[in-house]
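The values are calculated or read from the model by the stated rules, or taken from the named source; none is laboratory data. Note that this is a predicted model, so its numbers are computed, not measured. Because the Cβ atoms are built from the backbone with ideal geometry, glycine has one as well, and the counts that use them run over all protein chains shown. With ligands, DNA and RNA removed, areas are computed over all heavy atoms of the protein, side chains included. Shrake-Rupley method; radii C 1.70, N 1.55, O 1.52, S 1.80 Å.
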There are 4 protein chains.
Amino acid sequence: MASANGEPRKAVAVDAGAKERNRKRLRRIEGQVRGLQKMVDDDRYCADILTQIASVHEALRAVGRELMRNHLKHCATAAIRQGQSEAEGMYDELVEMVYRTAR
Amino acid sequence: MASANGEPRKAVAVDAGAKERNRKRLRRIEGQVRGLQKMVDDDRYCADILTQIASVHEALRAVGRELMRNHLKHCATAAIRQGQSEAEGMYDELVEMVYRTAR
Amino acid sequence: MASANGEPRKAVAVDAGAKERNRKRLRRIEGQVRGLQKMVDDDRYCADILTQIASVHEALRAVGRELMRNHLKHCATAAIRQGQSEAEGMYDELVEMVYRTAR
Amino acid sequence: MASANGEPRKAVAVDAGAKERNRKRLRRIEGQVRGLQKMVDDDRYCADILTQIASVHEALRAVGRELMRNHLKHCATAAIRQGQSEAEGMYDELVEMVYRTAR
């Protein structure tokens, strides 16, 4: 999604620790996905591939949790402190986001 | 997991079409994960990254569905036709697999 | 869903133990849902109600696992042993069922 | 969970409309759970029961969304406006809650 001026939207702020942890997680996830490709190439047992897929889902959820916390701390808090209508918009966005992404 | 002789377990059979579709999906997923790394590097808006993560989850589930179908068609069917005790072991493995991986 | 003659479809067979466990689980779930109503009536803290909802989800999944196992053991096995076209229909139904219900 | 004085914790506030919608949803869910008991009693086809279970999960998630929105609007906002340490505690509680309950 883009902001009004066509630029991609930016976070209000990102904690350095959170950012570094997520970069590490995503590099590891990239490796896991390449591992999955090799398992498929090798006709590995489907249940073993599914176990590996479950672990990628889990790793992605860890990235999501970190982002969600950062989002609450910086973006949501900024909106909530700003005023009633900004806050209302943020509640809707959060609920929508939670139920769409936290599975 | 390894089979009795220490080799990684293999699928009883893999349909060529299913294998090719999964290779394509996984290459696309690898690209999406690299895209996620760039979004994190650029401090993109958390909700936008979470949306992208949701789409990787969805793409992984499509790989899982394809594997699950192949597993039922070849591995599970072979076990179920083999005899009662092989079938019982397969039911347990399937239920366990489904509730661990299909989220 | 109804079968061809308009009657609700029946299971090929249901293990007595599985059936009894599920009846107990569902009675307990009914009690939990009444407890939820009371929590809502009493304006209880939202996070505490959400915790209780998570526990109903978990209890429902236990019913689902039991049914899934029984389904594999009786209905799916019958179809798979019957012939190729019955088996193919069953694979599709199972994969669809798993990804729709096992969350 | 109980508050410091041993009483169950209460919501900071609950919107009347949200409360009424959730009471209606929970009464309907109670009926669905009784319907599930009858399906189990009648040895109904497992896949049909699983479909009905999926619909109870969905209905519970609607209750959860409503509660989550109310929680953000009243309880979380109160904590976030109160000060840094209350806000930090609320972020942790929210992230935990989301990933435990929103599935």
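Annotation: of all residues in segment A:11-26 being facing chain B (nearest Cβ under 7 Å) and at pLDDT 95 or above, the one that is farthest from B:E30 (Cα to Cα) is A:K19. For segment B:13-36, the set of residues classified as part of a helix (DSSP H, G or I) and aliphatic (A, V, I, L, M) consists of B:A16, B:A18, B:L26, B:I29, B:V33, B:L36, listed by residue number. Test D:E58 against the criterion of being open to solvent by 30 Å² or more (accessible area, probe 1.4 Å), part of a helix (DSSP H, G or I) and more than 7 Å from chain C (Cβ to nearest Cβ), and give yes or no. Considered against the rule, which asks whether it is open to solvent by 30 Å² or more (accessible area, probe 1.4 Å), part of a helix (DSSP H, G or I) and more than 7 Å from chain C (Cβ to nearest Cβ), D:E58 comes out as yes.
Taking the condition in contact (Cβ under 8 Å) with a residue 12 or more places away in the chain and either surrounded by fewer than 18 Cβ atoms within 10 Å (Cβ to Cβ) or under 23 Å from B:D42 (Cβ atoms) (or both), does A:M90 pass? Here the answer is yes, as A:M90 does meet what is asked. D:E96 meets each of the listed conditions (1) buried (at least 20 other Cβ atoms within 10 Å of the Cβ); (2) at the interface with chain C (Cβ under 10 Å from one of its Cβ atoms) apart from (1). The residues of segment C:27-55 that are open to solvent by less than 30 Å² (accessible area, probe 1.4 Å), over 18 Å from D:R34 (Cα atoms) and either in contact (Cβ under 8 Å) with a residue 40 or more places away in the chain or within 7 Å of chain D (Cβ to nearest Cβ) (or both), listed by number, are C:V40, C:Y45, C:C46, C:A47, C:D48, C:I49, C:L50, C:A54.
Regarding C:G83, is this residue under 20 Å from D:R23 (Cα atoms) and more than 7 Å from every other protein chain (Cβ to nearest Cβ)? No. Within the span defined as segment A:62-74, one or more residues are modelled with pLDDT of 95 or more and open to solvent by less than 10 Å² (accessible area, probe 1.4 Å).
For segment A:1-10, the set of residues classified as more than 7 Å from chain B (Cβ to nearest Cβ) and among the hydrophobic types (A, V, I, L, M, F, W, C) consists of A:A2, A:A4, listed by residue number.
Is at least one residue of segment D:63-71 more than 25 Å from A:A78 (Cα to Cα) and in contact with a helix residue (DSSP H, G or I) (Cβ under 6 Å, 6 or more places away or on another chain)? There is at least one residue in segment D:63-71 that is more than 25 Å from A:A78 (Cα to Cα) and in contact with a helix residue (DSSP H, G or I) (Cβ under 6 Å, 6 or more places away or on another chain). Checking the stated criteria, A:D43 turns out to be modelled with pLDDT of 90 or more and at positive phi. As for segment A:4-11, it holds no residue that is open to solvent by less than 40 Å² (accessible area, probe 1.4 Å) and free of Cβ contacts under 8 Å to residues at least 60 places away in the same chain. Scanning segment D:75-87 for residues that are surrounded by 15 or more Cβ atoms within 10 Å (Cβ to Cβ), out of contact with any Leu (no Cβ under 8 Å at 6 or more places or on another chain) and closer than 23 Å to C:V40 by Cβ yields a count of 3.
Looking across segment B:75-103 at every residue that is over 19 Å from A:L50 (Cα atoms) and either outside any helix (DSSP H, G or I) or of a type in the set (D, E) (or both), the one that is modelled with the lowest pLDDT is identified as B:G83.
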